[in-house]
Amino acid sequence: MRTDFDRAAEIVCLAAEFDWTWSRDDLDRFCAAAGWTVTEHRERGASITTDLNIARPGGSADLDTNSVQAIDFDVTDRLGTQEAESSGLPEVWFNGLSHRLSTELGLPTRRGEDRMRWDLSTVVVTAYRGKRDCFVNIASPQYRAEEDQIDEYQIDEYIVNWPDEEV
């Protein structure tokens with residue numbers, strides 16, 4: 001099973017230094033700078049082929065009418081369900097990815113069991129551990145802040161509407 005933490009770190013450094021406007025044009029500019037190819041443009045997204053040394057080097061972009069919201073790219077091979085459960089590789093991979101990105105970006109701004117996030121001035125970088133693989137998300141700070149507000153609202157609503165315990 002393959003991982004490509006070094007190339008992921010290079011891409012994250014490129015993203016941190018990139019001249020983002022977060023317009024739709026940035027997707028093609030960023031992919032060209034990374035040596036990647038946008039293989040399909042859609043109204044609300046795009047498919048990307050990356051150059052990471054893994055079995056399926058791919059990614060995707062979330063787009064709206066005028067802007068790039070986020071770009072995801074795979075950093076590891078994708079395991080079968082049983083192999084992922086029995087091997088514990090996703091956790092090992094996530095620890096390796098997080099350590100490698102921390103070497104480049106410093107301590108994360110936020111951390112959780114299955115994600116680490118760095119809030120930089122022009123980009124928000126998040127490393128994720130899935131059930132069967134690991135990937136990185138590069139997002140617009142404005143988009144990430146809007147998503148954070150939605151998450152906070154949903155948590156607040158859940159707590160407010162929590163049923164009272166019977167005594």
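The values are calculated or read from the model by the stated rules, or taken from the named source; none is laboratory data. The model shown is predicted, which means the values in this text are computed figures rather than measured ones. Note that each Cβ is placed from the backbone with ideal geometry, even for glycine, and that neighbours are counted across all protein chains shown. Just so you know, the surface numbers come from the protein's heavy atoms only, side chains and all, with ligands and any DNA or RNA stripped out. Shrake-Rupley method; radii C 1.70, N 1.55, O 1.52, S 1.80 Å.
Given the criterion aliphatic (A, V, I, L, M) and either under 14 Å from V123 (Cβ atoms) or in contact (Cβ under 8 Å) with a residue 24 or more places away in the chain (or both), identify the matching residue among A15, A32. Break it down stepwise before answering.
On the way: A32 fails: either under 14 Å from V123 (Cβ atoms) or in contact (Cβ under 8 Å) with a residue 24 or more places away in the chain (or both).
That would be A15, the only listed residue that is aliphatic (A, V, I, L, M) and either under 14 Å from V123 (Cβ atoms) or in contact (Cβ under 8 Å) with a residue 24 or more places away in the chain (or both).
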Original post:
Mind checking whether some residue in region 75-82 is in a strand (DSSP E or B), open to solvent by less than 20 Å² (accessible area, probe 1.4 Å) and of a type in the set (A, V, I, L, M, F, W, C)?
Top reply: no
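Give region 70-112 a look and list any residue that's among the acidic types (D, E) and more than 14 Å from the chain's Cα centre (by Cα), or say none. Steps first, please.
If we filter region 70-112 for residues that are among the acidic types (D, E), which is where we start, we get 72, 74, 77, 83, 85, 91, 104.
Residues satisfying the conditions are D77, E83, E85, E91, E104.
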Subject >> Members of region 36-53 found to be farther than 16 Å from W22 by Cβ and either among the small types (G, A, S) or surrounded by 21 or more Cβ atoms within 10 Å (Cβ to Cβ) (or both), listed by number >> reply: W36, S47, I48, T50, L52
Subject >> Criterion: modelled with pLDDT under 95 and open to solvent by 30 Å² or more (accessible area, probe 1.4 Å) - qualifying residue of R29, R7, R2 >> reply: R2
**OP:** Could you please let me know if D72 is more than 18 Å from T122 (Cα to Cα), touching a residue at least 60 places away in the same chain (Cβ under 8 Å) and crowded, with 17+ Cβ neighbours inside 10 Å?
**Re:** no
